[in-house]
Amino acid sequence: MREIRQGTFGELDGATVFALARLRQSVFVVEQECPYPDLDGHDIDPETKHFWVEGEGAAEAIACLRVLRDGESEGGWRIGRVCCVPAERGTGLSGRLMTAALAAVGPEADVVLDSQTYAAGFYRKYGFEEAGEEFIEDGIAHVPMRRAGK
């Protein structure tokens with residue numbers, strides 16, 4: 001079983017930063033045909049936590065996500081940039097990343113995310129519920145979701 005890795009930007013080496021950016025670009029920009037500013041400055045925030053699984057090759061990530069402070073709630077977190085290479089979809093890898101990320105922030109934390117609408121069922125498995133109306137971001141339908149802390 002492949003190891004889930006995690007770290008803040010300051011803990012990542014250049015090859016890992018490259019691998020994460022390359023995976024996100026491959027999925028969100030190329031595959032989904034959605035040019036947008038992925039490198040938004042949140043990756044380097046000292047509190048942002050990156051979670052990923054490495055592939056077999058050098059500087060390769062096959063799945064990743066990030067967790068950052070939610071600027072709209074006191075002490076809450078936001079999960080985003082959840083992606084996986086096509087060959088690994090449906091294997092449970094993204095679920096393992098979600099489990100690790102939620103464990104890292106703890107059960108008492110409020111966590112929000114903006115799910116692509118088709119993927120909302122995936123996030124429901126981890127305690128998330130729709131928290132607003134569907135909206136279009138960068139040409140893709142999304143729904144805001146929230147998991148209330150205990």
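Nothing in this text is a laboratory measurement; each read-out follows from the coordinates by a stated rule. In this text the structure is predicted, and so the values were computed from the model without any measurement. FYI the Cβ positions are ideal-geometry reconstructions off the backbone, even for glycines, and counts take in every protein chain you see.
At-a-glance table
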{"quantity": "Segment 104-145 - percent relative contact order, Cα under 8 Å, separation 6 or more", "calculated": "44 percent"}
{"quantity": "Segment 122-138 residues near the modelled GLN116 label - backbone nitrogen below 13 Å, point 7 Å along Cα→Cβ", "calculated": "122, 137-138"}
{"quantity": "Among (i) 17.4, 52; (ii) 14.6, 41; (iii) 14.3, 48, the entry derived from the coordinates for Rg and Dmax of the Cα atoms in Å", "calculated": "(ii)"}
{"quantity": "Whole-Hz couplings from phi, Karplus 6.51/-1.76/1.60, listed for segment 137-146; x for Gly and Pro", "calculated": "10, 6, x, 10, 5, 10, 9, x, 9, 9"}
{"quantity": "Mean separation of Cα contacts under 8 Å, 6 or more apart, over the residue count of the chain: relative contact order %", "calculated": "19 percent"}
{"quantity": "Amide H contacts under 5 Å for GLY76, placed H, 5+ residues apart", "calculated": "ASP70"}
{"quantity": "Considering only segment 5-147, percent of DSSP beta bridges that pair antiparallel, nearest 5", "calculated": "95 percent"}
{"quantity": "Which of ALA141, GLN6, ILE79, positive extreme of dipole for the chain (C-beta unit charges)", "calculated": "GLN6"}
{"quantity": "³J(HN,Hα), Karplus 6.51/-1.76/1.60, whole Hz, each residue of segment 76-81, x for Gly, Pro", "calculated": "x, 10, 10, 9, x, 6"}
{"quantity": "Residue-by-residue Karplus 3J(HN,Hα) for segment 13-24, coefficients 6.51, -1.76, 1.60, Hz, glycine and proline x", "calculated": "8, x, 5, 5, 4, 4, 4, 5, 5, 5, 4, 4"}
{"quantity": "Calculated P(r) tail over 16 Å for segment 32-79, as whole % of Cα pairs", "calculated": "55 percent"}
{"quantity": "Relative contact order [Cα under 8 Å, 6+ residues apart], segment 4-85, whole percent", "calculated": "32 percent"}
